[in-house]
2 protein chains.
Amino acid sequence: MSKEIPYKIYLEEHEMPKQWYNVRADMKNKPAPLLNPGTKQPMTLEELEHVFCTELAKQELDDTTPYIDIPEEILNFYKMYRPSPLVRAYCLEKKLGTPAKIYYKFEGNNTSGSHKLNSAIAQAYYAKKQGLKGVTTETGAGQWGTALSMACSYFDLDCKVYMVKCSYEQKPFRREVMRTYGASVTPSPSMETEVGKKILLEHPGTTGSLGCAISEAVEAATTTEGYRYVLGSVLSQVLLHQTVIGLETKIAMDKYDIKPDIIIGCAGGGSNLGGLISPFVGEKLRGENDYQIIAVEPASCPSLTRGKYAYDFCDTGKVCPLAKMYTLGSGFIPSANHAGGLRYHGMSSVLSQLYDDGYMEARSVGQTAVFAAAEQFARVEGILPAPESSHAIKVAIDEALKCKETGEEKTILFGLTGTGYFDMYAYENFHNGTMSDYIPTDEDLKPGFDSLPKMD
Amino acid sequence: MSKEIPYKIYLEEHEMPKQWYNVRADMKNKPAPLLNPGTKQPMTLEELEHVFCTELAKQELDDTTPYIDIPEEILNFYKMYRPSPLVRAYCLEKKLGTPAKIYYKFEGNNTSGSHKLNSAIAQAYYAKKQGLKGVTTETGAGQWGTALSMACSYFDLDCKVYMVKCSYEQKPFRREVMRTYGASVTPSPSMETEVGKKILLEHPGTTGSLGCAISEAVEAATTTEGYRYVLGSVLSQVLLHQTVIGLETKIAMDKYDIKPDIIIGCAGGGSNLGGLISPFVGEKLRGENDYQIIAVEPASCPSLTRGKYAYDFCDTGKVCPLAKMYTLGSGFIPSANHAGGLRYHGMSSVLSQLYDDGYMEARSVGQTAVFAAAEQFARVEGILPAPESSHAIKVAIDEALKCKETGEEKTILFGLTGTGYFDMYAYENFHNGTMSDYIPTDEDLKPGFDSLPKMD
């Protein structure tokens with residue numbers, strides 16, 4: 001007998017997961033190792049420690065331990081804003097007239113406005129535990145920078161954020177939120193770093209990119225005593241921390257005997273999607289259950305659907321290790337026309353391997369269709385979604401409408417990663433009809449592919 | 001034996017209140033009736049129906065029915081963003097080193113960013129049920145306008161918002177959120193109404209006030225077929241809807257055997273405070289329990305602490321009924337120097353009567369102290385509070401620090417009404433040291449008091 005499903009399922013504190021799940025442990029084909037860009041040999045723990053905290057470097061390399069304990073201090077911080085609700089989208093279902101059952105896991109109910117806080121607090125914790133003075137990072141849309149500022153403030157760590165210049169200018173309020181939490185924020189590229197100076201010399205008018213900002217943050221971390229670099233996506237350690245999303249979702253669904261047929265998430269660097277799907281993919285990898293999994297990316301930055309599966313630099317400045325991933329090339333710079341995040345040229349190496357092995361599929365969508373879906377969703381479900389999250393909404397609505405045609409009562413789960421309160425500039429363009437779609441031609445993608453490192 | 005208190009107490013859906021509590025039913029001294037400004041006679045239902053929906057007019061006049069059923073449709077909407085969490089401020093307690101136990105009821109986890117949605121959805125529902133085409137309203141800081149836009153979008157009603165001009169200019173993103181939900185937003189004073197034209201003629205450079213915007217919205221509602229006016233605070237009907245806050249709080253506290261010694265809330269028009277304290281004040285009125293209740297208002301707009309208890313106009317344009325309340329006079333315009341809401345010249349007539357009868361006390365606080373408390377709170381509790389809500393935080397911290405001195409283990413409850421995501425302009429001034437305090441002199445208050453209507 002199935003229980004009545006409430007609008008929102010909140011776990012009790014004692015039901016919250018106490019371990020992260022490391023999906024790599026269940027993968028037969030492991031993600032390819034990070035390589036030293038000089039020697040092309042796998043990065044050792046010792047090499048990674050120069051950039052990352054020791055414990056995080058260990059997590060980055062660990063592809064065999066299936067469950068990793070979440071330290072008590074992090075669990076306590078999680079309790080301030082988690083569990084996040086698993087929402088049954090009754091109103092959206094009704095509006096669409098679909099027989100599908102739609103659920104979303106909403107990660108926006110915290111001041112960072114997104115899931116980013118799940119990993120930020122973990123990374124700040126390990127930095128503090130190691131006795132560091134502070135951390136550096138980059139931020140694009142600003143969600144990661146905000147999350148890290150909050151986490152560092154909680155543990156009394158210095159936080160230096162390089163913010164992609166166009167976001168810095170378009171989102172002054174994001175900057176002020178970070179300052180409220182005591183962070184210092186620098187527009188990138190800046191004259192503070194050697195790599196920033198070099199990029200500005202080559203491209204004087206550049207409004208920056210996530211790749212440039214990463215390079216500056218890494219340089220600042222490795223040249224300042226007592227600092228390390230932290231990253232909000234892409235890395236396997238980040239995906240590990242984000243599994244708290246999927247684990248909570250799985251516990252909540254199991255409690256009500258719900259099994260999703262389709263699981264949908266937006267994919268930029270891939271950590272939110274990876275975190276959401278990990279426990280489900282784990283069952284798929286172990287042959288216990290099957291799920292259709294869909295990664296959604298912007299048509300303007302289509303790393304999975306049009307990228308190459310190859311070793312590439314993680315950053316434009318080419319100071320980071322090489323990762324094997326679906327990538328458009330570190331030289332690819334997404335159109336300024338594209339609003340919001342999901343601007344990264346590559347994709348988590350864990351997701352890239354899963355995609356290559358056929359455990360998930362990918363779709364790309366245009367941004368005006370995404371904003372139309374966002375507005376439709378907001379008007380019935382109340383929540384004003386982030387542009388990034390709205391990529392998942394768009395495909396969830398598409399799938400629900402397919403069910404309407406076929407009459408199938410599929411259960412659809414998607415990740416609603418965050419809110420769009422700081423993205424009203426993009427919404428304004430959408431309202432005023434000044435937003436356009438951009439799909440790169442093959443010619444547009446060529447410079448990116450040409451920037452891929454030679455591996456022979 | 002007391003249970004362990006989680007960080008956040010969420011009620012289950014079936015535990016949510018199904019009725020609002022009308023505190024007026026338990027008051028021996030009822031709030032004074034609204035008067036017709038022409039005849040100085042109590043407003044009749046028939047007169048009120050010209051301005052408000054019939055059902056809401058009835059609620060406005062009803063001071064005897066203690067419990068009023070919440071219609072099913074409103075309960076369903078509540079389930080989309082309620083219950084709101086009752087949070088134990090473990091981290092703030094630790095940071096302050098106080099033996100006090102601090103709780104806050106957090107109303108910011110919805111897109112309107114505040115408690116305003118609790119009444120907006122009720123008012124939109126009754127308008128729809130009456131077969132109206134749309135509603136008009138005013139908004140200051142923008143929270144109410146956003147809430148009403150969301151509610152109207154849900155029930156497919158037109159929504160016309162007059163937004164205080166200085167907020168319209170300082171908060172373009174608020175305007176875009178309202179547009180996302182399909183509302184039309186006009187800066188006030190405007191040339192669209194007679195009263196707007198008159199005010200602009202008399203004060204050409206004015207940046208507007210809540211009182212002016214009310215007058216315009218009322219005029220638009222009463223001169224447009226199929227429209228009514230709705231208001232986000234001050235009125236007894238709004239306070240009634242907001243009791244969902246206090247009822248949920250009471251149920252959650254009772255569940256864990258928690259009894260607050262002090263209850264604190266910010267007070268502008270008074271509906272959030274009234275909603276929070278109603279069930280507790282009810283017990284006090286019936287002699288069942290005692291609580292110390294503190295209303296906190298800005299020093300720049302001190303209606304309770306420095307106002308007069310008198311009949312006054314609710315709006316600058318003098319088109320609304322007269323209400324007996326603590327007021328600075330409808331001619332009082334708060335300093336532009338004052339950031340955020342709580343700018344209203346008067347106070348809910350329910351709260352005014354309770355205050356006059358000694359059931360609650362009031363304190364006024366300066367805005368730089370409020371922002372300092374807000375930042376302190378944000379850094380340990382994560383949530384970035386609205387400037388309005390931070391008035392309550394300031395006094396909660398003051399009381400917790402008193403406990404630290406005396407060693408008393410008091411239980412402090414305060415209302416955290418919303419988030420400050422759209423108030424970063426004010427935070428920026430605070431960070432840059434360009435924010436100042438303004439306390440009106442007795443001379444400054446004189447024009448307001450001179451504007452009080454003659455009642456003989």
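The values are calculated or read from the model by the stated rules, or taken from the named source; none is laboratory data. None of the values given here were measured: they were computed from a predicted structure. No Cβ is skipped: glycine too gets one built from the backbone with ideal geometry, and neighbour counts run over all protein chains shown.
Brief remarks on what is shown
- Only one of the listed residues (A:Ala374, A:Ala369, A:Ala362) is outside any helix (DSSP H, G or I) and hydrophobic (A, V, I, L, M, F, W, C). That residue is A:Ala362.
- Taking the numbered list (1) touching a Ser or Thr at 6+ places or on another chain (Cβ under 7 Å); (2) facing chain B (nearest Cβ under 10 Å); (3) of a type in the set (S, T, N, Q) in turn, A:Asn22 passes all entries but (2).
- Any hit, region A:77-93, residues being modelled with pLDDT of 95 or more, at negative phi and surrounded by fewer than 16 Cβ atoms within 10 Å (Cβ to Cβ): no
- Single unsatisfied condition, A:Gln123 versus (1) at the interface with another protein chain (Cβ under 10 Å from one of its Cβ atoms); (2) crowded, with 24+ Cβ neighbours inside 10 Å: (1)
- The residue that is farthest from the other protein chains (Cβ to nearest Cβ), counting only those in region A:61-84 that are under 21 Å from A:Leu34 (Cβ atoms) and not in a loop (DSSP other than H, G, I, E, B), is A:Leu61.
- Residue within region B:20-43 that is more than 24 Å from B:Thr222 (Cβ to Cβ), in contact with a Leu (Cβ under 7 Å, 6 or more places away or on another chain), not hydrophobic (A, V, I, L, M, F, W, C) and not in a helix (DSSP H, G or I) present: yes
- Candidate set: region A:271-309, residues that are under 13 Å from the mean Cα position of the chain (by Cα) and under 18 Å from A:Gly211 (Cβ atoms); chosen: the one surrounded by the most Cβ atoms within 10 Å (Cβ to Cβ): A:Ser271
- Here A:Leu384 does not fit the description of being surrounded by fewer than 17 Cβ atoms within 10 Å (Cβ to Cβ) and farther than 28 Å from A:Cys314 by Cβ.
- Subset of region B:337-351 that is touching a Leu at 6+ places or on another chain (Cβ under 9 Å), modelled with pLDDT of 85 or more and within 19 Å of B:Glu388 (Cα to Cα) - its residue that is surrounded by the most Cβ atoms within 10 Å (Cβ to Cβ): B:Leu351
- All positions within region A:153-166 that are of a type outside the set (Asp, Glu) and more than 10 Å from chain B (Cβ to nearest Cβ): A:Phe155, A:Leu157, A:Cys159, A:Lys160, A:Val161, A:Tyr162, A:Met163, A:Val164, A:Lys165, A:Cys166
- Pairing residues of region A:391-406 that are within 11 Å of A:Val365 (Cβ to Cβ) and in the same structural domain as A:Ala89 (by TED's automatic domain parsing) with residues that are in a helix (DSSP H, G or I) and among the β-branched types (Val, Ile, Thr), at Cβ distances under 8 Å and at least 6 apart in sequence or on separate chains, gives A:His391/A:Val370; A:Ile393/A:Val370; A:Lys394/A:Val370.
- Of B:Ala378, B:Ala373, all but one fail to be free of Cβ contacts under 8 Å to residues at least 24 places away in the same chain, within 14 Å of another protein chain (Cβ to nearest Cβ) and surrounded by 16 or more Cβ atoms within 10 Å (Cβ to Cβ); the exception is B:Ala378.
- Residue within region B:32-44 that is within 14 Å of another protein chain (Cβ to nearest Cβ) and surrounded by fewer than 16 Cβ atoms within 10 Å (Cβ to Cβ) present: no
- Flag for B:Glu219 being in the same structural domain as B:Ser190 (by TED's automatic domain parsing) and acidic (Asp, Glu): yes
- Residue check, B:Gly287 out of contact with any Asp or Glu (no Cβ under 9 Å at 6 or more places or on another chain) and either assigned to a strand (DSSP E or B) or β-branched (Val, Ile, Thr) (or both): no
Residue by residue, here is whether (1) modelled with pLDDT of 95 or more; (2) in a helix (DSSP H, G or I); (3) of a type in the set (Ser, Thr, Tyr); (4) in contact with an Asp or Glu (Cβ under 6 Å, 6 or more places away or on another chain) holds:
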{"site": "A:Ala252", "(1), (2), (3), (4)": "yes, yes, no, no"}
{"site": "A:Gly274", "(1), (2), (3), (4)": "yes, yes, no, no"}
{"site": "A:Gly282", "(1), (2), (3), (4)": "yes, yes, no, yes"}
{"site": "A:Thr305", "(1), (2), (3), (4)": "yes, yes, yes, no"}
{"site": "A:Asp312", "(1), (2), (3), (4)": "yes, no, no, no"}
{"site": "A:Thr316", "(1), (2), (3), (4)": "no, no, yes, no"}
{"site": "A:Ser335", "(1), (2), (3), (4)": "no, no, yes, no"}
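- Residues in region B:113-140 that are within 16 Å of the chain's Cα centre (by Cα) and more than 21 Å from B:Phe377 (Cα to Cα): B:Lys116, B:Leu117, B:Asn118, B:Ser119, B:Ala120, B:Ile121, B:Ala122, B:Gln123, B:Thr137, B:Glu138, B:Thr139, B:Gly140.
- The residues of region B:221-246 that are buried (at least 24 other Cβ atoms within 10 Å of the Cβ), at negative phi and among the aliphatic types (A, V, I, L, M), listed by number, are B:Val230, B:Leu231, B:Leu235, B:Val238, B:Leu239, B:Leu240, B:Val244, B:Ile245.
- Qualifying residue in region B:95-108 (condition: crowded, with 24+ Cβ neighbours inside 10 Å, touching a residue at least 12 places away in the same chain (Cβ under 8 Å), over 21 Å from B:Thr243 (Cβ atoms) and in contact with a Phe, Trp or Tyr (Cβ under 8 Å, 6 or more places away or on another chain)): yes
- Only one of A:Glu138, A:Glu169 that is surrounded by fewer than 21 Cβ atoms within 10 Å (Cβ to Cβ), more than 12 Å from chain B (Cβ to nearest Cβ) and acidic (Asp, Glu): A:Glu169
- Some residue of region A:179-192 being under 22 Å from the mean Cα position of the chain (by Cα), of a type in the set (Gly, Ala, Ser) and within 14 Å of chain B (Cβ to nearest Cβ): yes
- With respect to the conditions (1) out of contact with any Lys or Arg (no Cβ under 9 Å at 6 or more places or on another chain); (2) surrounded by 13 or more Cβ atoms within 10 Å (Cβ to Cβ); (3) outside the structural domain of B:Lys133 (by TED's automatic domain parsing), B:Pro6 lacks only one, and its number is (1).
- Residue that is nearest to A:Lys259 (Cα to Cα), among those in region A:89-106 that are among the hydrophobic types (A, V, I, L, M, F, W, C) and assigned to a strand (DSSP E or B): A:Ile102
- Annotation note: of B:Asp357, B:Asp437, B:Asp456, B:Asp450, the sole residue that is away from chain A (no Cβ under 14 Å), in contact with a helix residue (DSSP H, G or I) (Cβ under 6 Å, 6 or more places away or on another chain) and surrounded by fewer than 18 Cβ atoms within 10 Å (Cβ to Cβ) is B:Asp437.
- Flag if B:Ser119 is among the small types (Gly, Ala, Ser), out of contact with any Cys (no Cβ under 7 Å at 6 or more places or on another chain) and not in a helix (DSSP H, G or I): no
- Candidate set from region A:411-429 (those that are out of contact with any Leu (no Cβ under 7 Å at 6 or more places or on another chain) and modelled with pLDDT of 95 or more); member that is farthest from A:Glu388 (Cα to Cα): A:Thr411
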